[in-house]
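S.K.: Please read through the structure below; I'll follow up with questions.
The values are calculated or read from the model by the stated rules, or taken from the named source; none is laboratory data. What you are looking at is a predicted structure, and each value in this text was computed from that prediction instead of being measured. Glycine gets a Cβ as well: all are built from the backbone with ideal geometry, and neighbour counts include every protein chain shown. Protein only, heavy atoms only, side chains kept; ligands, DNA and RNA dropped before computing areas. Shrake-Rupley method; radii C 1.70, N 1.55, O 1.52, S 1.80 Å.
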Amino acid sequence: IHPTEMPGTLTRMQRYDAVILQNVSAEYVSPPQQRMLAQYVNNLGGGLVMIGGPESFGAGGWANSPIDAILPVESQIPSQTV
């Protein structure tokens with residue numbers, strides 16, 4: 001489904017074993033949905049997979065989001081040193 005069609009409650013999320021965000025920008029998942037998705041993972045043991053691409057992780061605006069806090073990687077793009 002398109003990210004904007006993601007269920008908006010934990011009760012409805014319980015129907016799913018996992019959520020896969022494949023090259024999805026944070027702008028398509030509202031802040032309340034992001035918080036709910038983090039609760040789905042932390043409280044209900046739901047799975048979350050984020051697959052890279054130009055619209056994911058830091059480039060997709062996920063840095064410092066509720067989703068960033070539960071990922072096993074950092075979304076913040078490190079500054080480059082020369």
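S.K.: Pick the calculated Rg and Dmax of the Cα atoms in Å for this structure from (1) 12.7, 37; (2) 12.8, 49; (3) 12.7, 42?
M.R.: (2)
S.K.: Going by amide H atoms built from the backbone, whose H comes under 5 Å of the H on LEU21, apart from near neighbours?
M.R.: Distant-sequence amide H within range of LEU21: VAL49, MET50, ILE51.
S.K.: Another question about this same structure. Any chance you could look up the accessible area of GLU55 with a 1.4 Å probe, heavy atoms only, rounded to 10 Å²?
M.R.: Ignoring ligands and nucleic acids, GLU55 comes out at about 80 Å².
S.K.: Here's a follow-up. Using the Cα centre as the reference, give the magnitude of the dipole from point charges on the C-beta atoms of the chain (Lys, Arg: +1; Asp, Glu: -1; all else neutral), rounded to the nearest 20 debye.
M.R.: 240 debye
S.K.: While we're here: For the range 1-63, which whole percent of the accessible surface, found with a 1.4 angstrom probe, sits on carbon and sulfur atoms?
M.R.: The value for the range 1-63 is 49 percent carbon and sulfur by accessible area.
S.K.: Which of PRO78, ALA38, ALA63 sits farthest toward the positive end of the charge dipole of the chain, with +1 on the Cβ of Lys and Arg and -1 on the Cβ of Asp and Glu?
M.R.: Toward the positive end, the furthest listed residue is ALA38.
S.K.: Need one number: nm distance between label points at ILE77 and TYR16, each 7 Å from Cα along Cα→Cβ, rounded to one decimal.
M.R.: Label-label distance for ILE77 and TYR16, simple model: 2.7 nm.
S.K.: Relative contact order for the chain: what is it in percent, counting Cα pairs under 8 Å that are at least 6 residues apart?
M.R.: It comes to 30 percent, rounded to a whole number.
S.K.: Let me check I've understood the local charge: for ILE77, count other residues with C-beta under 15 angstrom from its C-beta, Lys and Arg +1, Asp and Glu -1. What total comes out?
M.R.: -3
S.K.: Report ³J(HN,Hα) in whole Hz for each residue of the range 17-32, in order, from the Karplus equation J = 6.51 cos²θ - 1.76 cosθ + 1.60 where θ = phi - 60°; Gly and Pro get x.
M.R.: For the range 17-32, the Karplus curve yields 7, 7, 10, 10, 9, 9, 6, 10, 7, 4, 5, 8, 10, 4, x, x Hz.
S.K.: Suppose all protein chains stay in the model; what accessible area per residue would a 1.4 Å probe give for the chain, in Å²?
M.R.: Accessible area per residue: 65 Å².
S.K.: Long-range amide H contacts for GLU55: which residues qualify at under 5 Å (H placed 1.01 Å from N, peptide plane, sequence gap of 5 or more or a different chain)?
M.R.: Correct list: empty.
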